1. Among the residues of the stretch 538-561 satisfying the criterion of being of a type outside the set (Asp, Glu) and farther than 17 Å from residue 519 by Cα, which is modelled with the lowest pLDDT?
2. With the structure loaded, tell me whether residue 287 is more than 30 Å from residue 410 (Cβ to Cβ) and either touching a Phe, Trp or Tyr at 6+ places or on another chain (Cβ under 8 Å) or not in a loop (DSSP other than H, G, I, E, B) (or both) or whether it fails that test.
3. Cβ contacts < 7 Å: first residue farther than 20 Å from residue 219 by Cα, restricted to the stretch 266-294; second residue of a type in the set (D, E, K, R) and in a loop (DSSP other than H, G, I, E, B), any location; separation 6+ or different chain. Result?
4. Test each condition in (1) polar (S, T, N, Q); (2) free of Cβ contacts under 8 Å to residues at least 60 places away in the same chain; (3) within 30 Å of residue 467 (Cα to Cα) for residue 632 and report the one that comes out false.
5. Which number in (1) assigned to a loop (DSSP other than H, G, I, E, B); (2) more than 27 Å from the chain's Cα centre (by Cα); (3) of a type in the set (A, V, I, L, M, F, W, C) marks the one condition that residue 486 misses?
6. Examine the stretch 492-504 for a residue that is of a type in the set (A, V, I, L, M, F, W, C) and either farther than 28 Å from residue 475 by Cα or touching a residue at least 60 places away in the same chain (Cβ under 8 Å) (or both), and state whether such a residue exists.
7. Among 26, 75, 10, which is at pLDDT 80 or above, among the aliphatic types (A, V, I, L, M), closer than 30 Å to residue 296 by Cβ and not assigned by TED's automatic domain parsing to the domain that holds residue 287?
8. Being over 14 Å from residue 339 (Cα atoms) and surrounded by 12 or more Cβ atoms within 10 Å (Cβ to Cβ) is the filter; apply it to the stretch 370-389 and report the residue that is modelled with the lowest pLDDT.
Amino acid sequence: MVEEKIENRVKELRKSLRKHEYKYYVLDNPTISDYEYDQLMEELKKIEEENPELITEDSPTQRVGGEPRDEFKKVEHSSRILSLDNAFNAQELREFDKRVQRNLDTKQYEYIVEHKIDGLSAILHYEDSIFTLGATRGNGRVGEDVTHNLKTINTIPLKLREVGVNLQLRGEIFIKKDDFKKMNKKREEEGKNPFANPRNAAAGSVRQLDPQVAAERSLSFIAYDLVEFTDQNKKISKHEQALNFLKDLGFNINWYKKCNDITEVIKVCEKWVEKREEIDFEIDGMVLKINQLTLREKLGSTSKNPRWAIAYKFPAQQKTTQVKDIIVTVGRTGALTPSAVLKPVLIDGSTVSRATLHNEDEVKRKDVRINDTVLIQKAGDVIPEIVKVIKEERTGNEEKFEMPEHCPVCGEPVYREEGEAVTRCTNISCPAQRRESILHFVSRDAMDIEGVGPSLVDQLLDNNLIEDYADLYYLEKQDLINLERMAEKSSNNVLRAIAASKDRELNRLIYALGIRHVGSSASRILADEFGSIEDLKGLSEEDLIEIDEIGPAIAESIINFFKSKHNLEALKKLKKADVRMEKRTQKENYSQHLKDKSFVFTGALDQYSRKEASRLIRQYGGDVKSSVSSKTTYLIVGENPGSKYEKAQDLNIKIIDEDAFEDLLKGGH
């Protein structure tokens, strides 16, 4: 039995440590030295070690604890976590405001404008004021349980400053600029590669299975939304009140300003374009939200975005640098792509040393030369590009670029079809094409073979363990176990993933083959129409063109694909490995009441994403097309329909809304 005196001392120490954590990390106003804080922490640790029954989850000693995990558990969110639509200029902000006015039929509303922090979104759960769960956003419906890692972040309170509180909130995990510089400096001293930018470093840190790693990464957290909160004694009717309530509970909250109209909002956004560098963390825009919560409910959401909020994205950052070289890479389809090797320059939070030049015509149009001084830009995740050449800076040492006549990887001749901008390698066995074709084959939308990424593919090719994607199905444990970062467990996981992919849907196999011009949509059409690789192989160009949405370019690519001896050999190997090469004959016992019915969508649906609705239609035997024709059975209309709506009216096509669509799914008429 623990003495009452010891229990009371533990309570005093925890209360004191929480108070000083709040002053140091949230208020940035410490009142004791680091040494004094460490002494209090050491005393608490010692008492807990001697009396383990006193340890609680919310104790300050538990911020870094627990064994590394084998995997992250999935977390289903209690309500869908939506992403924001984007505006890129003042006019688009005004158009958003007009939509708000039209839907509310009033001008009596306020906006709250906040920083758009460039980090990783997280959802936190508190029960009886104790932090119980932290999850990533994931796909908006299901995220990952990263509680262990979030507990290491000092700006996330393990226990709230008010008792008996049950809530969910959303915020952003990020790394401050100075902390990011220190982290990269340390990594370079240790011989490790530096992180590309603070956002990637933060996201990667949160998704570490070992919480000790996250604890070493100087992560920060800012709260910006109260997701769920029910307390009859506390009335929160505005977002502004919610933010201040979170602040009172012990959170760092986002900077915000209340605005009475869109003109004021635009002024605030434009001011921060210039001031963004003054903040000690990266922001890539501003977020404006309706302040009144009841008006948010009235405005509602589309299937993807809330109608009561929008993100204003800052203009692309531009900087000047020098082109050190122009190199050519070879892609999956043999396309030769020139890229500029740049003198490294920091832009939009990351160091840029490459910029795409797209094709030969683009290089000539912009007249980009080796040793040129150029203006480059990068917006968010968009690949950096050269905006223009600063010709006034030319010294006469610049060299013109010429597209090579032979492939830089295999040395075979290259060609450029008349009317096309792309130059291609003619060798289907080119190592560069093989690598990219294998990576495409294993990608998520294709055969979805988890664990087979660029590093493993490179090792498999370098060690002559595979020649093409079909060889993946003949790998054995002994082939993998001696490769770098491939212990027994990893090898088993990869082999299981490869085996599981043998039973993928036919449309995914067709897409995985990497036939030029045949994307995921065309793959589904081909699978539905013909039912097997064998049937597809025997078609003429005329047969293919007869199918809706399969044009001459796709038809020619399919014919050429099946003429290749190398491709036919790969297909034989897939068949021998028992990869399923025909359509499923059974429809998983689903009713086929939508058979012979063709559907087209226009506008945004509230309850379904376009992909989800299409899957349901096909599940019940129906077909989904991208354009309206006389063969269309139904046009499903959501918010802001396009020109398909008028065309359907002209053709007397049955037009239905989302409620009628749900009735059809249930078997109604």
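1. Let us first name the residues in the stretch 538-561 that are of a type outside the set (Asp, Glu), namely 538-540, 544-545, 547, 550-555, 557-561.
Narrowing further to those that are farther than 17 Å from residue 519 by Cα: 538-540.
Working: 538: 79, 539: 83, 540: 83.
Result: 538.
2. Values: more than 30 Å from residue 410 (Cβ to Cβ): yes; either touching a Phe, Trp or Tyr at 6+ places or on another chain (Cβ under 8 Å) or not in a loop (DSSP other than H, G, I, E, B) (or both): yes.
Judged against the criteria, residue 287 is a match.
3. Within 7 Å, the pairs are 291/110; 292/110.
4. (3)
5. It is condition (2) that residue 486 fails.
6. Applying the first criterion (of a type in the set (A, V, I, L, M, F, W, C)) to the stretch 492-504 yields 494-495, 497-500.
From what's left, either farther than 28 Å from residue 475 by Cα or touching a residue at least 60 places away in the same chain (Cβ under 8 Å) (or both): none.
Taking every residue of the stretch 492-504 in turn, none turns out to be of a type in the set (A, V, I, L, M, F, W, C) and either farther than 28 Å from residue 475 by Cα or touching a residue at least 60 places away in the same chain (Cβ under 8 Å) (or both).
7. Values: 26 fails: at pLDDT 80 or above; 10 fails: closer than 30 Å to residue 296 by Cβ.
The conditions single out 75.
8. Checked the stretch 370-389; the qualifying residue modelled with the lowest pLDDT is 380.
The values are calculated or read from the model by the stated rules, or taken from the named source; none is laboratory data. Fair warning: this is a prediction, and the values are worked out from it, not measured in the lab. Positions of Cβ are backbone-derived with ideal geometry, glycine not excepted, and every protein chain shown enters the neighbour counts.
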